[in-house]
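Please read the structure below before turning to the comments.
Computed from the coordinates by the stated procedures, all read-outs in this text should not be read as laboratory data. No experiment lies behind these values; they were computed from the predicted model shown. Cβ placement follows ideal geometry from the backbone for every residue including glycine, while neighbour counts extend to all protein chains displayed.
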Amino acid sequence: MTGLTGPFTETTVSGCGEINPLQNDPSHRSIGVGTRVLLNGAPGYIMGKGTRASPDKPNVSAYADMKGMDPTMMGGMITAHGPECLTSLAVPIPVLDEEILSGLKILDRNVPLPVSDINGRNAHSKVNYGHIWGENTDKVIRVDKEKCLHHPDCAAVRTCPTEAISNNFDINRNLCINCGTCTLQCPEGVFRARLGSIEIAEGTIPVSLRQSDRARGERLCTMFKNRILKQEFVPTKMLEPL
Ligand code: SF4
């Protein structure tokens with residue numbers, strides 16, 4: 001948990017880019033009220049638009065029974081601005097025609113990423129997710145324990161927003177969200193990952209906190225696909241559009 005410095009010295013990002021269902025189905029042909037989904041690993045339904053949805057930044061609200069949720073697909077973290085909830089949503093998108101297929105084939109570099117100033121969230125510019133999840137970045141944090149000096153006041157342990165690093169300096173992968181904070185806090189380079197950067201008119205701004213875990217999102221896609229193939233999850237048609 002550290003505050004962002006500035007101006008134009010670091011940035012935080014959220015969103016899973018090319019695997020975001022709302023990017024895969026931009027016309028919302030499969031995503032509507034009543035579409036059956038997996039919310040945090042539990043079967044549930046889309047209820048409607050999210051409270052902060054806008055044409056530029058669509059999102060949805062969904063329902064599922066919490067007792068059936070998978071703890072590894074949900075959680076929370078502590079930020080310098082307060083607590084954040086982490087949720088996962090998997091939406092089935094049937095390939096019915098070329099238009100739907102082309103939405104599913106979208107790549108990170110074609111998904112726009114709006115950049116805002118943290119003060120007032122004023123729109124600044126647009127980049128794309130290719131800078132965040134492309135081949136020059138690492139989705140999963142690597143740990144090189146041989147470099148660890150076992151510092152009693154380890155900054156990585158102290159600032160990890162999910163308290164995922166144990167006293168033995170191991171990462172609990174169920175708690176870790178691959179945010180990258182530890183990679184910038186440990187001076188010995190025990191925790192490593194290329195977090196990427198964005199290019200804006202003011203220069204190249206490094207990413208210092210990822211609020212979405214693409215690696216976990218990809219695991220969810222695989223789990224969801226297997227459940228559909230085994231007919232453990234049966235998709236439904238929406239009742240009405242968003
Ligand atoms: S990447 Fe994982 S271990 Fe490192 S600070 Fe983030 S949540 Fe903690």
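Some observations on this one:
- For segment 90-147, taking the reciprocal of the average inverse distance between every pair of different Cα atoms yields a Kirkwood hydrodynamic radius of 14.8 Å.
- Normalised by the number of residues in the chain, the average gap of Cα pairs under 8 Å and 6 or more apart makes the relative contact order 26 percent.
- Charge-dipole axis of segment 110-169 as Lys and Arg at +1 and Asp and Glu at -1 on Cβ define it, positive-most pick from 157, 133, 143: 133
- Principal semi-axes of the equivalent ellipsoid, √(5λ) from the alpha carbon gyration tensor of the chain, are 32, 22, 16 Å from largest down.
- The H on the amide N of residue 61, modeled in the peptide plane, is under 5 Å from the matching H of 47, 48, 49, 50, each at least 5 residues off or on a different chain.
- Straight-line reach from residue 147: taking Cα to Cα under 24 Å and skipping same-chain neighbours fewer than 8 places apart, the lysines in range are 139.
- Computed over the alpha-carbon atoms, segment 39-103 gives an Rg to Rh ratio of 1.05, Rh here being the Kirkwood radius from the mean inverse distance.
- With Cα atoms, 0 to 90° folded angle of helix 214-229 axis to the chain main axis: 30 degrees
- The distance separating the Cα centre of segment 115-187 from that of segment 39-97 comes to 22 Å.
- P(r), alpha carbons of segment 115-242 - 10 Å bins starting at zero, rounded %: 11, 31, 28, 21, 8, 1
- Fewest-first ranking of 117, 56, using other Cβ atoms within 10 Å as the exposure measure: 56, 117
- A DSSP coil position with no more than 16 other Cβ atoms inside 10 Å describes none of the chymotrypsin sites (Phe, Trp or Tyr not before Pro) in segment 122-199.
- Each residue of segment 142-158 was assigned a 3J(HN,Hα) from its phi angle through the Karplus curve 6.51 cos²θ - 1.76 cosθ + 1.60 (θ = phi - 60°); the sequence is 9, 10, 10, 5, 5, 7, 6, 9, 6, 5, x, 10, 5, 5, 5, 4, 5 Hz, with glycine and proline shown as x.
- Count Lys and Arg as plus one, Asp and Glu as minus one, and take only other residues whose Cβ is under 13 Å from that of residue 128; the net charge is then -1.
- Under the Debye formula (equal points on every Cα, no solvent term), log10 I(q)/I(0) of segment 1-110 at q = 0.10, 0.21 Å⁻¹: -0.37, -1.25
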